[in-house]
């Protein structure tokens, strides 16, 4: 059938797999995100900490190059667990900023334009729709966090040789599990905000508010009560403590790390509940 | 579904379908077996037309009873079912910031078409609905009529077996309305898809549908096979002559027609079996009688609808 025929017929060709259909949502959302050159440039900049980390490791293990550059030969001595912990933070921060930039319009735009019935009238359900939107953030945040983290860990293990990687497996574990936990929490939280707040600047403000104002409130609770129970609502401290425990370092929270895990799990569950509540009425009542 | 299956099995089967929303019954014990190529869903505002469409799409779970669409059960086969449906919602619905062709392609891909065929069909479908020249324009810049057409395009692009149209002529000016009705009629006449048309415009439904289900307060008030009605009423004729002519009346009586003649030259008659309108023209030609107006009188959808609305117990 050609366009000039101006006719219509049934489709009889092959269909894509039903299981991966949610990735269509992801594909189009990603294309929209990267349509902005400014964002693309920012996205590239977000890899800078990891690239610097890689360079640092490479330089540390290349005595000849260090000598030629006139840098101290003991540069390698700083490659302790602390180096990897600091690098973790410098990867997590840009990831958070990317989530802040991208997430506000992911669901709200569809709700504002009543697009949800169009999506859900197709062979895709609400869960897959959210999964597709969440995959946008996962795909954007993963390369700059745990993927680069594991690459750095792998490069260090390669240069060190022997059983360094076995002795320091916690570093790799922290990069993988810590970043994935952070991505899961921040993705669900920002999607929940996107579902409930239509205006982008307000949505961004709310996300910042939840992260930082809640942290201040938690500090106040800790100060007033003289306990660490405020940490239960301190998301930043919760993720920090989880990551530190994965690194095998002392945690900043006064609570056992299992409570920090519970804080993250509760924030994610609450976000899922909020998304579920918001998306359901748009199927029911317009 | 093959042509044979299409003819034998109902497009939509409702078996005691009941839907409650917010604790309030919206659809109550709907039982029907709809086989028409184009099925009209009629009813006053709040009758439950849109709720029924959405229930058939799997948006609302039935409180009781069940429904089959194209042989797929609502319970457990929702995705397979939705893959065969094209849905055109009543209100504005689109994805922000997209061009028409990208939007329609997205919808095609969501229905399972690989990217290349999806793009190809998006172009074809937009040309089919008359938006070929506007396909690279952002949807936000479209007029109401164009938005209706692009909604039709997204419902058609994947070649569904059942096209659900919720008030497709809403907000359209007369030319756009005519164009929309022509398109729907064309799709119906191709015989490749069933059409479920929800509307409160009797004219649209009468023009396009061969079967009608009338809803009232969430219950079925009437189900009517319009095609059968048309056939059953084919012999009733209203006729107006340029001048009264007794010879013409006598000839019609000889043909076996039952007739009532008005002084003005108007007459109402029932053609006997085996006689057609052509016989009336033949007699008029032989007697040199001028026929000013001739009309096949039938029980209109409006009559059926009004009767259904008056009948509190429903008239299934």
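Quick note: the coordinates plus some simple rules give every number you see, no bench work behind them. Here the structure is a predicted model, which is why all the values come from computation and not from measurement. For neighbour counting, all protein chains shown are included, and Cβ atoms are generated from backbone atoms with ideal geometry for every residue, glycine included.
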Under the rule rounded for a/c under 1.5, else prolate if a/b exceeds b/c, else oblate, using alpha carbon gyration tensor axes a ≥ b ≥ c, chain A is classed as oblate
Reduced to Cα centres, the span from segment B:77-91 to segment A:1-53 in Å works out to 23
So for R0 = 35 Å, FRET eff. of residue A:86-residue B:73 from the Cβ-Cβ r, to 0.05, ends up at 0.05
Note on the protein assembly as shown, DSSP bridge orientation, antiparallel percent to nearest 5 equals 65
To the nearest 0.05, the calculated FRET efficiency linking residue B:302 and residue B:143 through their beta-carbon distance, R0 being 35 Å, is 0.70
If one compares the long axis through the Cα atoms of helix B:277-286 with the longest principal axis of the Cα atoms of chain B, the angle in degrees, nearest 10, works out at 30
Computed over chain A: longest principal axis from alpha-carbon atoms vs helix A:257-284 long axis, angle to nearest 10 degrees, is 10
For the residue A:37, residue A:258 Cβ pair and Förster radius 45 Å, calculated FRET efficiency rounded to 0.05 is 0.50
If one compares the long axis through the Cα atoms of helix A:214-225 with the longest principal axis of the Cα atoms of chain A, the angle in degrees, nearest 10, works out at 60
Ranked on Cβ counts within 10 Å of their own Cβ, fewest leading, A:86, B:39 go A:86, B:39
Per its Cα gyration tensor (rounded if a/c is under 1.5, else prolate when a/b beats b/c, else oblate), segment A:142-244 is best filed as oblate
By Cβ neighbour count within 10 Å, fewest first, A:11, A:58, B:136 rank B:136, A:58, A:11
Note to self: C-alpha centroids of segment A:247-261 and segment A:166-200 sit apart, in Å, by 17
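Taking neighbour Cβ counts within 10 Å as the exposure measure, how do A:34, A:159, B:103 sort from fewest upward?
So the residues, fewest neighbours to most, are A:34, A:159, B:103.
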Shape call for segment B:234-296, from the Cα gyration tensor axes a ≥ b ≥ c (a/c under 1.5 means rounded, otherwise prolate when a/b beats b/c, else oblate), comes out rounded
Taking the alpha-carbon centre of each part, the distance from segment B:10-53 to segment B:146-220 in Å is 17
